[in-house]
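Scroll down for the structure; my scribbles are underneath it.
The values are calculated or read from the model by the stated rules, or taken from the named source; none is laboratory data. Please read all numbers here as calculations on a predicted model, not as lab measurements. No Cβ is skipped: glycine too gets one built from the backbone with ideal geometry, and neighbour counts run over all protein chains shown.
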Amino acid sequence: MELGRMQIVRTVKRLSAAIGYLELGMTRQALAALEGVDEPGPFAALVEMLRGEAARREDRLDDATRSFEAAARMLPEPGSRAIWLALSSFHQQAGNTGLAIESLARARGAGPPQAKPKAN
């Protein structure tokens, strides 16, 4: 769905407000600003990244991980690499070594693991 000019302006204002709140350490207000984004359109990855950052600052690692993973999947390479690197750290902190390694591999440019073909 294509966003109209006014919708884009409202979305950018909400994103700017959320970034400002995060800079001030006001995570609840940042999340409230993001809740007002109805149709993020091309800004969807940024919305998820900001949600993830707010959750990370509130020590809600599971929520942060979900948001950052969603953002990383929306962004093309190499834009998503920094997010995958952060996710590797989150998984390591949570004790999920396999996911930490997988995220680190994606941060370094490797694609997601592929299913091995079955032998005939």
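Structural remarks
- Scanning the stretch 1-29 for residues that are at pLDDT below 95 and part of a loop (DSSP other than H, G, I, E, B) yields MET1, GLU2, LEU3, GLY4.
- Scanning the stretch 1-52 for residues that are among the β-branched types (Val, Ile, Thr) and over 21 Å from MET74 (Cβ atoms) returns VAL9, THR27.
- Tally, over the stretch 74-110, of residues that are farther than 15 Å from ARG56 by Cα, polar (S, T, N, Q) and touching a helix residue (DSSP H, G or I) at 6+ places or on another chain (Cβ under 6 Å): 2
Condition check ((1) at pLDDT 95 or above; (2) assigned to a loop (DSSP other than H, G, I, E, B); (3) among the aromatic types (Phe, Trp, Tyr); (4) in contact with a helix residue (DSSP H, G or I) (Cβ under 9 Å, 6 or more places away or on another chain)) across all residues:
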position: LEU50; (1), (2), (3), (4): yes, no, no, yes
position: ALA64; (1), (2), (3), (4): no, no, no, yes
position: PHE68; (1), (2), (3), (4): no, no, yes, yes
position: ALA72; (1), (2), (3), (4): no, no, no, yes
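- Subset of the stretch 30-41 that is part of a helix (DSSP H, G or I) and in contact (Cβ under 8 Å) with a residue 12 or more places away in the chain - its residue that is nearest to GLY4 (Cα to Cα): GLY41
- Answer residue from the stretch 67-80, given it is surrounded by fewer than 15 Cβ atoms within 10 Å (Cβ to Cβ) and not acidic (Asp, Glu) and is farthest from ALA45 (Cα to Cα) among those: PRO78
- Within the stretch 11-26, the only residue that satisfies the criterion of being among the hydroxyl-bearing types (Ser, Thr, Tyr) and under 18 Å from ASP59 (Cβ atoms) is TYR21.
- Pairs linking a residue in the stretch 84-110 that is outside any helix (DSSP H, G or I) to a residue that is surrounded by 15 or more Cβ atoms within 10 Å (Cβ to Cβ) and β-branched (Val, Ile, Thr), with Cβ atoms under 8 Å and 6 or more positions apart or on different chains, are ALA94/THR65.
- The residues on offer are ALA18, ALA54, and the sole one that is farther than 26 Å from ALA94 by Cα, among the small types (Gly, Ala, Ser) and buried (at least 21 other Cβ atoms within 10 Å of the Cβ) is ALA18.
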